[in-house]
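The values are calculated or read from the model by the stated rules, or taken from the named source; none is laboratory data. Worth saying up front: this structure is predicted, and the values here are computed from it rather than measured. Here Cβ is always computed from backbone atoms with ideal geometry, including for glycine, and neighbour counts include all displayed protein chains.
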Amino acid sequence: MTQSLSTQMAPEGSLSALEATIERARGSRLYAERLAGVRLRSLDELRALPITTRADLQRAGPHGTRAVPLEEIAHYGESSGTSGATNSMWLTAADLERDARMLRARHPDVFAPGRIILNRFPFMSAPAHIVQLVAQQGGGVSIPAGNINWDVPFPRALELAQRTGAHVLAGLPLEPVVLGEVARGRGLDVRRELAFDTFYLGGSTLPPALRRRLARTWNVRVIELYGSTETMLLGSSCTEETLHLETELVYSEVLDEAGDPVPEGGEGRLVVTTIGIEGSPLVRLDTGDLVRRVPACACGDSRPGILVLGRAGEVVTLAGQQLHAHALVDAAAAAADVLDSAVFFVVVLADRLVVRIETDGRPATPEASAALHAALGDVPVEIETAPRDELLDTEQLARSPHVYKPIVLSDWTRPGRRVLTVMQGMIEWPRPTPGELWRWMGRTVRTATRRRRLARSLLERSRTR
């Protein structure tokens, strides 16, 4: 008899691990009733359990997913809220240590004694703490330099990397793009004057075109890290650049719209049951990510491989085609690369895409347009070149007190902010009310008046001496 698709995705021992997860999950308010009396006799019975949605997590409240007493908790985290309301996650020390051990085991050449890691993951996110633990377990030296951190703006991060001879950059996929622009502005050759040999990137889509650009520009190996605040580590990429799911930490299902498992090569929603989390275990969580199951990898790793296509709620429909965020960003990165740039921004309009690319005065070329159409077909696309610092002003970024998770795609057909540049996506200045604006103007005028009066009094005193 042929195995079901769901069991093909599962390693040996999954049933007992899932039973343990269900038993732990019953300790939380979220699952106390829905998993009452549940016992698994086969992996297929898991599919009879209800899907957990992000709305379920939000309704459960901040403590609703916590399955152990507070005395056993070591870390609290929240999702960034970039795709909706925030969700809470409670982790034990063992949860964090388990992920750290897994990362080090998967990449022993990257995380090793004496290796310096510039840890640019935001401090609120779990990867920042996992990388720190990797170092504490003997996997190198961690420099805590989160990019959403007033203490370590991008210029200082670059200086830290240069002064310490950092080997590994761990952070969001746009991190090396921004650091590269800061280096360019300072006249630095990143290949000769910095010691990076590995980028460990996660937190948003990392399309092949951008990966290739970064690898070539910096002369580094680029490793993709995949996970979320709610699920913790889900996987990382191998030497063949395949993203493998961590079967010892999570049981994964890729389901079509009817809720049935998709075959190899098929696309569907990623639904996960956490095996490696004690603090806030989750059963059949719909991650909201659309993924494609890829064939067996040439690296020989038997773990399932996937390609993350983007959020299910962020699929763009244009010219009769449905386009994933991954495809849009990959196409834009390829066009930017043709123009020798890594700074780009995609704007989705009702009738076309506008791809904005920073260049050194170089206009759009037929080759850049060809790169877009090769990836997107007949979708109407307009390329708009912009001067340096138009989309990513590194000088302003260095002076800004509030920096957020970078984005390079803004869908203007949906409600929300209409972003046009990388800078607007990273920095959101507050919008004052008329009353606040009036008070601000009053304070500014009064302060300026007082400054002039003090300066005048100093001048008069100096004259009378």
If I filter region 136-148 down to residues being crowded, with 16+ Cβ neighbours inside 10 Å and of a type in the set (S, T, N, Q), which single residue comes out as modelled with the lowest pLDDT? Asn147
Unmet criterion (only one of (1) over 28 Å from Ser14 (Cα atoms); (2) not in a helix (DSSP H, G or I)) for Met89: (1)
Using the structure shown, decide if Asp340 is in a loop (DSSP other than H, G, I, E, B) and loosely packed, with under 15 Cβ neighbours inside 10 Å. yes
Members of region 44-55 found to be within 24 Å of the chain's Cα centre (by Cα) and either exposed (fewer than 15 other Cβ atoms within 10 Å of the Cβ) or at pLDDT below 95 (or both), listed by number: Thr53, Arg54, Ala55
Within region 204-243, work out how many residues are free of Cβ contacts under 8 Å to residues at least 60 places away in the same chain, β-branched (Val, Ile, Thr) and over 25 Å from Asp99 (Cβ atoms). 0
Applying the selection to region 216-234, what residues are more than 17 Å from His107 (Cα to Cα) and surrounded by 16 or more Cβ atoms within 10 Å (Cβ to Cβ)? Thr217, Trp218, Ser228, Thr229, Glu230, Thr231, Met232
Does region 119-137 contain at least one residue that is part of a helix (DSSP H, G or I), assigned by TED's automatic domain parsing to the domain that holds Gly77, without any contact (Cβ under 8 Å) to a residue 40 or more places away in the chain and farther than 22 Å from Glu78 by Cα? yes
Per the list (1) over 17 Å from the mean Cα position of the chain (by Cα); (2) surrounded by fewer than 16 Cβ atoms within 10 Å (Cβ to Cβ), residue check on Gly313 breaks on (1)
So for region 345-366 (the condition being within 21 Å of Arg211 (Cα to Cα), touching a Pro at 6+ places or on another chain (Cβ under 9 Å) and crowded, with 18+ Cβ neighbours inside 10 Å), does at least one residue qualify? yes
Quick check: is even one residue across region 109-123 of a type in the set (D, E, K, R) and under 12 Å from Gly227 (Cβ atoms)? no
Could you please tell me which pairs satisfy a Cβ distance under 9 Å, a separation of 6+ or placement on different chains, a first residue in region 364-392 that is touching a residue at least 24 places away in the same chain (Cβ under 8 Å), and a second residue that is among the aromatic types (Phe, Trp, Tyr)? Ala386/Phe345; Leu391/Phe344; Leu391/Phe345; Leu392/Phe345
Where in region 149-196 are there helices (runs of 4 or more DSSP H), lying wholly inside it, with at least 3 residues that are surrounded by 16 or more Cβ atoms within 10 Å (Cβ to Cβ) and in contact (Cβ under 8 Å) with a residue 60 or more places away in the chain? 175-185
Near pairs, Cβ below 6 angstrom, 6+ apart or cross-chain, from region 244-266 (polar (S, T, N, Q)) to any residue that is assigned to a loop (DSSP other than H, G, I, E, B): Thr247/Pro11; Thr247/Arg303; Ser252/Met9
